[in-house]
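These notes are about the structure you will find just below.
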Amino acid sequence: MQRLAPLLAVLAAIWLTGAQAATPTQAADYIIRQNAAPLKPLFSPPPGQTAVPVPPAAPAAVAAPQPAVPERAPIAVLLPLKSEALGDAADVVRAGIVAAQGADQGPAVRMYDTTVDNVAQRYREAVANGARVVIGPLTRPAIAQLAPRVSVPTLALNTLDGTTANPKLFGLSVSAELEARQIARLMRQDGMQRPVVITGSGVLDRRLAAAFASEWTSAAQTPPRSLAAHDPALAGHLAGADSVFLALIDPAAVPAAVSALPRYAVSQLAVAHVPAALTGVKVVDMPWLVMARHPAVQRYPRPAEALTRATERLYALGIDAYRVARDMTAAPLQPGWRLDGVTGDLKLGRDRQFARTLPVQVLEGQ
């Protein structure tokens, strides 16, 4: 993959979405700090150490000649496969969809390359070619273009916030803001009553903090205190707190002053080599990455090439998108419909968006 910077930027924009999504420039800073390249192995060793082989939870996908594209297929996939900025990200999602179709031997899929300008035209073409269900688009602008024209069950791979309502349009997202909201609920279940939000100055840090505060306040009626991670007097400001939410996407930004309190974080702090400052932190993450023996995880092949944790999430998104679309071809999905997915426990809401509940793990230092 040669289009590194654009891919890394769109990964962050997809991971953190909302009414005001981060721009590619803002998003790139986050992902580039976390991932040296999209094909960097998930468990690469520190400099000077020898890699220890990690057995995959499922066989690795083997590159093979692609079968002829079916003229008519029950499932159409709309992705910006040739886009300079989005093509690599779209190709990772496509690979996940193809892997799921092969493992399940389910309904055939046909790929359609799209742009924001031609997505409606390509959608009409797919339906005319016999598609009963559509997966995509990937980006919010393309979803907004398509929303009024959706005529068959369509699974957009992003949030639907602010999109024209359409009863046949559904949303499946891997937004980290959803993770922050789950963390707020988890902390209440754990009995925490006086959390402090520790955040940085980056736009993505602030969005995590806002999502957590919104969820916490909706239940507790009192907003949590928010403190800056770089505050030199941070230790003194923690008096009275019983827990910490780390609204941070850079492990190096975690202050040592919070280590005495129970700490919680989203999946981006679940790095392969956990520093001492993160030991004991509770995080949520996809079964695909943390539950090797989960039946669904074992069922589907790993990518043919090693990916970072960020890009691996898009591959997993492709797997679950196909599984949802497969069931959509059989019967209409109703609110409350669930899937034990590789991206989490999925539940369809009345807003036609899928909520994801993720397993919890405690980080352990190396």
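Per residue, what volume in Å³ does the Cα convex hull of segment 188-251 take up?
About 84 Å³ per residue, rounded to a whole number.
From the backbone phi of segment 99-105, what are the Karplus-calculated ³J(HN,Hα) couplings (6.51 cos²θ - 1.76 cosθ + 1.60, θ = phi - 60°) in whole Hz, Gly and Pro given as x?
Using θ = phi - 60°, the values come out as 4, 5, 4, x, 5, 8, 6 Hz.
So if each residue of separation counts as 0.36 nm, and I subtract the Cα-Cα distance between ASN166 and LYS347, what length gain in nm does that give?
63.3 nm
Report the relative contact order of segment 244-366, percent, no decimals, based on alpha-carbon pairs under 8 angstrom and at least 6 residues apart.
Taking the mean separation of contacting Cα pairs over the length of segment 244-366, I get 29 percent.
For segment 154-303, what is the convex hull volume of the alpha-carbon atoms per residue, in Å³?
Here the figure is 155 Å³ per residue.
Take the eigenvalues of the Cα gyration tensor for segment 242-355, scale each by 5, and report the square roots as semi-axes in whole Å, largest first.
32, 18, 11
What full-extension length gain, to one decimal in nm, is calculated for ARG188 and GLN298 as 0.36 nm per residue of separation minus the Cα-Cα distance?
Extra length from ARG188 to GLN298 when fully extended: 36.4 nm.
Take the eigenvalues of the Cα gyration tensor for segment 305-366, scale each by 5, and report the square roots as semi-axes in whole Å, largest first.
26, 16, 8
Count charges around GLY341 for me, please; just the other residues with Cβ under 11 Å from its Cβ, Lys/Arg as +1, Asp/Glu as -1.
+1
DSSP loop (so not H, G, I, E, B), at most 14 other Cβ within 10 Å: list which GluC sites (Glu not before Pro) in segment 284-366 pass both filters.
Of the GluC sites (Glu not before Pro), the ones in loops of segment 284-366 whose Cβ has at most 14 other Cβ atoms within 10 Å are GLU364.
Considering only protein heavy atoms and a probe of 1.4 Å, how much of the accessible area of segment 194-343 is carbon and sulfur, as a whole percent?
Whole-percent figure for carbon plus sulfur exposure: 56.
From the C-alpha coordinates alone, can you work out the Kirkwood hydrodynamic radius of segment 136-195, in Å?
13.1
Using the Karplus curve 6.51 cos²θ - 1.76 cosθ + 1.60 with θ = phi - 60°, what ³J(HN,Hα) values do you get for each residue of segment 229-234, in whole Hz, with x for Gly and Pro?
Whole-Hz 3J(HN,Hα) from phi for segment 229-234: 4, 8, 5, x, 9, 4.
Debye sum, Cα scatterers, segment 228-303, no solvent: what log₁₀ I/I(0) at q = 0.13, 0.17, 0.25, 0.26 1/Å?
Taking Cα atoms of segment 228-303 as identical point scatterers yields -0.48, -0.70, -1.19, -1.25.
How about segment 265-337: which trypsin sites (Lys or Arg not before Pro) there lie in a loop by DSSP and see at most 12 other Cβ atoms within 10 Å?
ARG293
Report, largest value first, the span of the C-alpha coordinates of segment 89-206 along each principal axis, in whole Å.
Principal axes ranked by extent give 56, 33, 27 Å for the Cα atoms.
Quick one: what are the phi-derived ³J(HN,Hα) couplings along segment 159-166, Karplus 6.51/-1.76/1.60 with θ = phi - 60°, whole Hz, x for glycine and proline?
Values, residue by residue: 6, 9, 4, x, 8, 3, 5, 8 Hz.
The values are calculated or read from the model by the stated rules, or taken from the named source; none is laboratory data. Here the structure is a predicted model, which means the values were calculated and not measured. Note: ideal-geometry Cβ built from the backbone for every residue, glycine included; neighbour counts use all protein chains shown. Remember, those area values only see protein heavy atoms, side chains included, never the ligands or the DNA or RNA. Shrake-Rupley method; radii C 1.70, N 1.55, O 1.52, S 1.80 Å.
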